[in-house]
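Chemist: Next up is a structure, given as structure tokens.
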Amino acid sequence: MGSFAKLASVTASTKRSGGIVSGMEVGNVASIPTLKCLPLDPVSPDIELGIEGLAWYETLQTAVEGGLNIVEGDILVVGTKEYPIRAVADWNWPPDGADYLILYLEDQK
């Protein structure tokens, strides 16, 4: 087992907007039912002022294996808490040379 797999101790899933069907907006639907990620960590100690509705939030980050279909606007679900994904970035981790994704999350306060 690689070192990333040992560190990816959090079980999560993702949701994605269901879009519009027959003129009706469909809520979020399961996208990836189970994945492992690194523990969620703050990007910085600052609490940022959110753009939408002036809601306060903290930016968190985590990493998951590469090649997953995760995009900005999806929602990462950990336990019962949902974190909107604000950005997704490719990341190559030198210890194992594999490709991963870094997810930047919104943690509403």
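Read-outs: derived from the displayed coordinates by stated rules, not from any lab. Values in this document were obtained by computation on a predicted structure and should not be read as measured data. Using ideal geometry, Cβ is built from the backbone for each residue, glycine included, and neighbour counts are taken over all protein chains shown.
Chemist: Considering only the other residues whose Cβ falls under 14 Å of the Cβ of Ser17, what net charge follows from Lys and Arg at +1 and Asp and Glu at -1? Please list the in-between numbers first.
Modeler: Details: positive: Lys15, Arg16; negative: Glu25, Glu72, Asp74, Glu82.
Its environment carries a net charge of -2.
Chemist: Go ahead and estimate [θ] at 222 nm for the chain from helices alone: -39,500 (n - 2.57) per DSSP H run with n ≥ 4, summed, over the residue count, rounded to 500. Display every interim value, and only then the final one.
Modeler: On the way: 1 runs with 5 residues, N = 109.
It comes out at -1000 deg cm²/dmol, rounded to the nearest 500.
Chemist: If you don't mind, another one. Relative contact order for the chain using alpha-carbon pairs under 8 Å, separation at least 6, rounded to a whole percent?
Modeler: On the way: 229 pairs, mean separation 27.5, N = 109.
With pairs under 8 Å counted, the relative contact order is 25 percent.
Chemist: In square nanometres, what is one fourth of the surface area of the convex hull spanned by the alpha carbons of the chain?
Modeler: Details: hull surface 32.1 nm².
Hull-based average projected area comes out at 8.0 nm².
Chemist: Note down the nm distance, to one decimal, between modelled labels 7 Å out along Cα→Cβ at Ile20 and at Leu68.
Modeler: Modelled inter-label distance: 3.0 nm.
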